[in-house]
Amino acid sequence: MRRRFFVDRFDNGTAMVLGASAAHLGRVLRAERGQLYELSDGERVWLARVAWVKPEAVEFALVERVDSPEIARSSSLEITLMLSIVKFDRMEWCLEKATELGATRIVIMASERSEKNLIRAAAKRAERWKKILRESAQQSRRLVPPFLAPCEKAAAAFSNSEAELRLMCSEMRGATPIREIFELPKPVKHVALAFGPEGGWTDEEIAGAADAGFQQAGLGSYILRTETAVIAALAIVRYALGGAGMVP
C-alpha cells in the first residue's frame, strides 16, 4: 500500500511536499528519485513520482489520477466530533482514532468540569493537534484531514451546531440506546457527537444541549472512558449510516 501525503496544490504536472512531511519523506522513509507515492490536495488524488529530494521540500511529477471513495461518494457522511477537554494524552489519542474513523470536523469544548489548567493550555496545543490530524489522515489515506475548529465553551458549541442529528453521549439512566436512535425513517447526512469531560456533564450543560436539539444517547450499561466512548460511537455511526470506506 503506497503512502499518501498532502500538498497545497497541483501545478502543471508537478507538486511539492513541504515542511515536516518533506523531512519525514527524506529522513524516515528515505525517499529517492523515481519512487511512487500518492498525493492529495483535498479534492483530487494523484499517483506521483519523486523528482528530487531536499531536506525542506520534495518535488513530484504527477503520473495518473487515483480513484478515492471520498471523491466517488458525493453524499459522504459528515461527522462532527464535539470533544470536551480531557487529559491531553487521551485527548490526542481520540483525535488520531477519530480521524481514522472518518470524523470530518473536530470541535474542542471547554466544559464546566474540564480541568481549568487544561483549558488554559489548550490554545497552545492547537498546532500540535492539527499535526496529529494531518498525519493520521495521511496514514489512513484520507482525501483531507478533519477541520479543527477553535476551542469554545460547551454551551456555545451546542448552540452553533448545524448537524441534522445531534447526540450527547451520556451514561445517565433514561438515555436512549444509540442503536435505537439509528432506526431512522430517512437518511442523515450530518451527525454531531458530543462527549463530556471526565467529571461528566453538568445539569446546565445537559439542559442547554437539549435546548439546542441534542438528544441523550447511551452506549450501554458500562461506564466508558472518553477514548473508548469516542471509538464506539464513531464506529456505530459509520456502520449505521455508511460513509466513504465503510458500508452499512
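Just so it is clear, none of the values below were taken in a lab; they were calculated from the coordinates. It should be emphasised that the depicted structure is a prediction, and the values quoted were computed from it without experimental measurement. Quick reminder, even Gly has a Cβ in these numbers, built from the backbone with ideal geometry, and neighbours come from all protein chains shown.
Given the chain, what percent of its DSSP beta bridges are antiparallel, to the nearest 5?
Counting only bridges with both partners in the chain, antiparallel ones make up about 40 percent.
Identify which of Gln35, Gln138, Gln216 has the largest mean-square fluctuation in a Gaussian network model of the chain, with springs joining Cα atoms closer than 10 Å.
Fluctuation is largest for Gln35.
Treat every Asp and Glu Cβ in the chain as -1 and every Lys and Arg Cβ as +1, leave all other atoms uncharged, and give the resulting dipole magnitude about the Cα centre to the nearest 20 debye.
760 debye
I'd like the distance separating the alpha-carbon centroids of region 189-248 and region 112-130, in whole Å.
Cα centres, region 189-248 to region 112-130: 21 Å.
What do you get for the angle between helix 88-100 and the principal long axis of the chain? Use alpha-carbon atoms, 0 to 90 degrees, nearest ten.
The answer is roughly 70 degrees.
Nothing charged except the Cβ atoms of Lys and Arg (+1) and of Asp and Glu (-1): what's the magnitude of the dipole of region 4-66 about its Cα centre? Round to the nearest 20 debye.
On the way: 9 positive and 9 negative charges, 45 e Å.
The calculation lands at about 220 debye.
To the nearest 0.05, how large is the calculated FRET efficiency for Arg49 and Glu100 if R₀ is 35 Å and r is the Cβ-Cβ distance?
0.80
With springs connecting C-alpha atoms under 10 Å apart, model the chain as a Gaussian network and identify which of Pro145, Pro187, Pro197 has the largest mean-square fluctuation.
Pro187
Please sort by residue number the trypsin sites (Lys or Arg not before Pro) in region 23-111 whose DSSP state is loop and whose Cβ has at most 15 other Cβ atoms within 10 Å.
Counting only loop positions with at most 15 other Cβ atoms within 10 Å, the trypsin sites (Lys or Arg not before Pro) in region 23-111 are Arg30, Arg33, Arg44, Arg73, Lys87.
Find which of Ala48, Tyr37, Gly26 sits farthest along the positive direction of the dipole of region 4-66, computed with +1 on the beta-carbon of Lys and Arg, -1 on that of Asp and Glu, about the Cα centre.
So the residue we want is Gly26.
Show the residues, 5+ positions off or on another chain, whose built amide H is closer than 5 Å to the amide H of Ala217.
Met168, Cys169, Ser170
Output the 0 to 90 degree angle, nearest 10, between the alpha-carbon long axis of helix 226-241 and the longest principal axis computed from the alpha carbons of the chain.
Relative to the chain, helix 226-241 is tipped by roughly 80 degrees.
Which parts of region 157-199 would a label at Tyr239 reach, counting a residue when its backbone N lies under 17 Å from a point 7 Å out along Cα-to-Cβ?
Backbone N within reach: 177-184.
Among Ala98, Ala123, Ala154, which one moves the most in a GNM of the chain with springs linking Cα atoms closer than 10 Å?
The residue that fluctuates most here is Ala123.
Where nothing but the Cβ of Lys and Arg (+1) and of Asp and Glu (-1) is charged, how large is the charge dipole of region 77-151 around its Cα centre, in debye to the nearest 20?
My answer is approximately 200 debye.
Find how many whole Å separate the alpha carbon centroid of region 1-52 from the alpha carbon centroid of region 159-174.
If you average the Cα positions of each part, the centres end up 39 Å apart.
Please rank Glu78, Glu227, fewest neighbouring Cβ atoms within 10 Å first, as an exposure proxy.
Fewest-to-most Cβ neighbours within 10 Å comes out as Glu78, Glu227.
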